[in-house]
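The values are calculated or read from the model by the stated rules, or taken from the named source; none is laboratory data. Keep in mind it's a predicted model, so treat the numbers as computed, not measured. With ideal geometry, Cβ positions are generated from the backbone for all residues, glycine too; neighbour counts draw on all protein chains shown.
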């Protein structure tokens, strides 16, 4: 918690969309919706996020990302950004650079390999080693990473990883 007069850290949460169905109907990758397990994962993630304050959600326009975001049920405004669909780390950073510095916490709902690549490239040496170990070498669907940094969104180049969560839909069934 920031002491009076100290700057408040920005928080960035990167969430890979929940598990998706295959392209059963030939509509294309962007049209794939969530599988049954994916819907369960998204609901579990909503519970895991708990009382985390999210001020803004940046979401890929892929159906599976939009469905994941919807199932989170967050009260924050949502921006659906076509450029986040299969974006690489640099493209995600470009979208974050446009965020107003008055916004302290942003959730990006998107895809691999862009989100994992961004998390790894931003991670500072003082990052939580347990959280980093959780997401290396895998970053499966419905994985959330929390990072914090000081400074503005447009200058984001390093952040401390402080949290990692991977939802397991099988745990909810057992």
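Quick notes on this one:
- Test: residue in the stretch 141-160 that is assigned to a helix (DSSP H, G or I), modelled with pLDDT under 95 and in contact with a helix residue (DSSP H, G or I) (Cβ under 8 Å, 6 or more places away or on another chain): no
- Residue 138, sole failed condition from (1) surrounded by fewer than 19 Cβ atoms within 10 Å (Cβ to Cβ); (2) part of a loop (DSSP other than H, G, I, E, B); (3) touching a residue at least 40 places away in the same chain (Cβ under 8 Å): (3)
- Test result for residue 132, over 14 Å from the mean Cα position of the chain (by Cα), assigned to a helix (DSSP H, G or I) and surrounded by 15 or more Cβ atoms within 10 Å (Cβ to Cβ): yes
- Residue in the stretch 97-107 that is outside any strand (DSSP E or B), within 22 Å of residue 18 (Cα to Cα), touching a residue at least 24 places away in the same chain (Cβ under 8 Å) and in contact with a helix residue (DSSP H, G or I) (Cβ under 7 Å, 6 or more places away or on another chain) present: no
- Here residue 126 meets each of (1) more than 17 Å from the chain's Cα centre (by Cα); (2) assigned to a strand (DSSP E or B) with one exception, condition (2).
Every residue, every condition in (1) free of Cβ contacts under 8 Å to residues at least 12 places away in the same chain; (2) surrounded by 20 or more Cβ atoms within 10 Å (Cβ to Cβ); (3) under 15 Å from the mean Cα position of the chain (by Cα), yes or no:
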position	(1), (2), (3)
33	no, no, no
43	no, no, yes
46	no, no, yes
51	yes, no, no
59	no, yes, yes
64	no, yes, yes
74	no, no, yes
82	no, no, no
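- Yes/no for residue 93 being part of a strand (DSSP E or B), modelled with pLDDT of 95 or more, surrounded by 13 or more Cβ atoms within 10 Å (Cβ to Cβ) and within 13 Å of the chain's Cα centre (by Cα): no
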